[in-house]
1. From the phi angles alone, apply the Karplus equation (6.51, -1.76, 1.60; θ = phi - 60°) to region 289-304 and give each ³J(HN,Hα) in whole Hz, x where the residue is Gly or Pro.
2. Take the chain, mark every one of the trypsin sites (Lys or Arg not before Pro) that falls in a DSSP loop and has at most 14 other Cβ within 10 Å, then report the longest stretch left between them, sites excluded.
3. Does region 279-327 come out rounded, prolate or oblate, given a ≥ b ≥ c as the square roots of the eigenvalues of its C-alpha gyration tensor, rounded meaning a/c under 1.5 and, failing that, prolate meaning a/b above b/c?
4. How far apart, in nm, are the 7 Å Cα→Cβ label points at ALA239 and LEU62?
5. So what's the angle, to the nearest 10 degrees on a 0 to 90 scale, between helix 126-139 and the longest Cα principal axis of the chain?
6. What FRET efficiency, computed as 1/(1 + (r/R0)^6) with R0 = 35 Å and r the Cβ-Cβ distance, is obtained for THR200 and ASP223, rounded to the nearest 0.05?
7. Under the Kirkwood approximation applied to all pairs of distinct alpha-carbon atoms, what is the hydrodynamic radius of the chain in Å?
8. Taking only DSSP H segments of four or more residues, each worth -39500 (n - 2.57), what value at 222 nm results for the chain once the sum is divided by all its residues, to the nearest 500 deg cm²/dmol?
Amino acid sequence: MPPSPDVAPFPASTMTPARVAGAVRRTLHVDVVRPDGPTGRLVVQGRARDVRTGRDGGLHELADARLDAEVDPSGRLVALTTSPTVPGRDRLLGRPARNGFRAALEEEVADLAEAHAPLHSLLDDVPVTSLISGYADLRARDDGGTYHVGSLVMADVCAGWRADGYVITELRRGGAPPLTVGAAVPETVRPDDPEGWHATPPLPPGAMRRRRRLDLVPGAAPDDPLTLDAMFRDTFVEADGVETIVHEYRLDGTLDPRTLVVLHAEAHPGVLPQPDCRGAVGSVAGIHGLPAGTLRDHVRRTYRGPTTCTHLNDLLRFLADAAGLAPHLDPPGGDA
């Protein structure tokens, strides 16, 4: 199935900007593999790393976290190992990996959530990686990936599935809209900065990967706004081993340096699976004026329906981690 003609990936240079002296960066990846086939268990593995770029351009690691998990065919979390180990982790076992999992995180590992720790970022992605694995299931079908009438239940769940949009309209007319196949993934790691991303392992055919990055950059003076640059990208490995893009967004904005209130934010869509998905971009304005650290809860409670996008929502929620990164900035004249 050829790529959709209306999608185009971000250039690699846009996706991974050069590191800036005094800035902090969080990179994260979560892999989803079904070793027993499309209806079997999910194996979820991931890593997150925080670094600061010194005034001399050197990279200083601040934190490193890892996750290994397994979700059984019924959708429950049945195995979980993390580094670092945290109290309450084992109480997540047996819970549904999708609905209610993020509320369980707030209940069982509250300290991680309050600290906006990299391990919390990994755990917070477990429901989404379980959700996006459905793309791999569709691609494994004999028809090569098309939506069918049962998908009508998705009407108005997000911009891409709006009730008057392309997919739902085609389904109501008796069609079977094809699953968009995105372009091949450009190189994530900058050739001139191999340490700018943490290492990621190769993926087998049928696997999926979510990548995230959040850069927080100090202003030229203490009262200047902080600049943020964030991205996420979901990918799928085709049968021939080519990794292709499913969803991607980049977001840039500014924060008040003292309160971390969002002064401005703007999303830039890349490859998206449906022509109506880009209709969610305007929803980003809803976070203006909010403290970054509150965004996980705010977006989860309020961002629903055809003006939003599940995947863009997750990028907005990821901005909350700026509250965990900000204390590690090395502003001009600082001694970090």
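1. Karplus values, whole Hz, x for Gly and Pro: x, 9, x, 3, x, 9, 5, 4, 6, 4, 5, 4, 7, 10, 8, 9.
2. Numbers: sites that count: ARG55, ARG141, ARG173, ARG258, ARG304.
That gives 56-140 as the longest site-free run.
3. Details: a/c = 2.14, a/b = 2.03, b/c = 1.05.
Prolate, since a/c reaches 1.5 and a/b exceeds b/c.
4. Simple spin-label model gives 4.5 nm for this pair.
5. Approximately 40 degrees, to the nearest ten.
6. Values: r = 38 Å, r/R0 = 1.08.
Rounded to the nearest 0.05, the efficiency is 0.40.
7. Values: mean 1/r = 0.0489 Å⁻¹.
Evaluated on the chain, it is 20.5 Å.
8. Working: 9 runs with 67 residues, N = 336.
The helix-only estimate for the chain comes to -5000 deg cm²/dmol at 222 nm.
Every number in this text was worked out from the coordinates using simple rules, so none of it is lab data. Just so it is clear, the structure is predicted and the values come from calculations on it, not from any experiment. Every residue, glycine among them, receives a Cβ derived from its backbone with ideal geometry; neighbour counts consider all protein chains shown.
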